[in-house]
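A.B. asks: The structure is given below, and queries will be raised subsequently.
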Amino acid sequence: MSAMVSLLFHLLCCLTVFWLLPLPSHSADPDPLQDFCVANLSASISVNGFPCKPASEVTSDDFFFDGFTQEGNTTNAFSSFLTPGNVLSFPGLNTLGISMNRVDFAPGGINPPHSHPRASEVGVVIEGKLLVGFVTTNNVYYSKVLTAGHMFAIPRGLVHFQLNIGDGKALAYTAFNSHLPGAAIVPLNLFASSIPNEVLTKTFQVDADLINTIKSKFRS
């Protein structure tokens, strides 16, 4: 009898854990506590997010965004342009745990190696041919050439990129499980910041002249 009671107790514990596992939000952001919380971007106080605009000031326009209707200007060092649809440009996303980007590529353009510290990413190629890849924390490289209609997934926090290897322009849309996923762009973090040359020369095992040459390409 005691064995049966013990078995039922363990089964109940397992079922309880199994039931609790799905409860945390699939979003990287906290669950909202009201129908919506349109971001008040001008508020003087912000604690891990944005306070809500008063409901009396919310309008229909707060829930619509037309920033993806125009092609981005790809005349830059990377020959690509990212148009963000996150809480900073689309305040209605505040607390919803979602956002998107439009990424335009000129021929040969690249969305350079970067990571998103606060979100996983999925994307779909709309036009062109992209080489999409990411590297794990064990330095394992995964990649595939994608064309229109193909999707990809990037685990949270991993360094990844998209490179246009087609003959013409390319276009992709990406989505995130955070209203502000953040982006740590590897070349800019390393060579457009104030990291001392001594750190970079020791890290890459090269001399300071080469580091200065690379830095010069990222100075505005």
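A.B. asks: Read through the list (1) open to solvent by 50 Å² or more (accessible area, probe 1.4 Å); (2) over 30 Å from residue 166 (Cα atoms), then give the number of the only condition that residue 97 fails.
C.D. replies: Unmet condition: (1).
A.B. asks: Can you name every residue in segment 69-90 that is of a type in the set (Val, Ile, Thr), closer than 20 Å to residue 119 by Cβ and either open to solvent by 30 Å² or more (accessible area, probe 1.4 Å) or in a loop (DSSP other than H, G, I, E, B) (or both)? I'd like the intermediate steps shown before the answer.
C.D. replies: Applying the first criterion (of a type in the set (Val, Ile, Thr)) to segment 69-90 yields 69, 74-75, 83, 87.
From what is left, the residues that are closer than 20 Å to residue 119 by Cβ are 83, 87.
The one that is of a type in the set (Val, Ile, Thr), closer than 20 Å to residue 119 by Cβ and either open to solvent by 30 Å² or more (accessible area, probe 1.4 Å) or in a loop (DSSP other than H, G, I, E, B) (or both): 87.
A.B. asks: Scan segment 118-140 and report the pairs whose first residue is of a type in the set (Ser, Thr, Tyr) and whose second residue is open to solvent by 70 Å² or more (accessible area, probe 1.4 Å) and part of a loop (DSSP other than H, G, I, E, B), with Cβ atoms within less than 9 Å and a gap of 6+ or a chain change.
C.D. replies: The qualifying pairs are 120/156.
A.B. asks: Sort through 66, 62 and tell me the only one that's more than 23 Å from residue 154 (Cβ to Cβ), exposed (fewer than 11 other Cβ atoms within 10 Å of the Cβ) and at pLDDT 95 or above. Quick ask: steps written out before the conclusion?
C.D. replies: Details: 62 fails: exposed (fewer than 11 other Cβ atoms within 10 Å of the Cβ).
Being more than 23 Å from residue 154 (Cβ to Cβ), exposed (fewer than 11 other Cβ atoms within 10 Å of the Cβ) and at pLDDT 95 or above holds for just one of 66, 62, which is 66.
A.B. asks: Would you call residue 134 over 30 Å from residue 32 (Cα atoms) and assigned to a strand (DSSP E or B)? Spell out the reasoning first.
C.D. replies: Working: over 30 Å from residue 32 (Cα atoms): yes; assigned to a strand (DSSP E or B): yes.
Considered against the rule, which asks whether it is over 30 Å from residue 32 (Cα atoms) and assigned to a strand (DSSP E or B), residue 134 comes out as yes.
The values are calculated or read from the model by the stated rules, or taken from the named source; none is laboratory data. Since we're looking at a predicted model, the values are computed, not measured. Note that we place each Cβ from the backbone using ideal geometry, even for glycine, and neighbour counts take in every protein chain shown. Note: areas computed on protein heavy atoms with side chains; ligands, DNA, RNA excluded. Shrake-Rupley method; radii C 1.70, N 1.55, O 1.52, S 1.80 Å.
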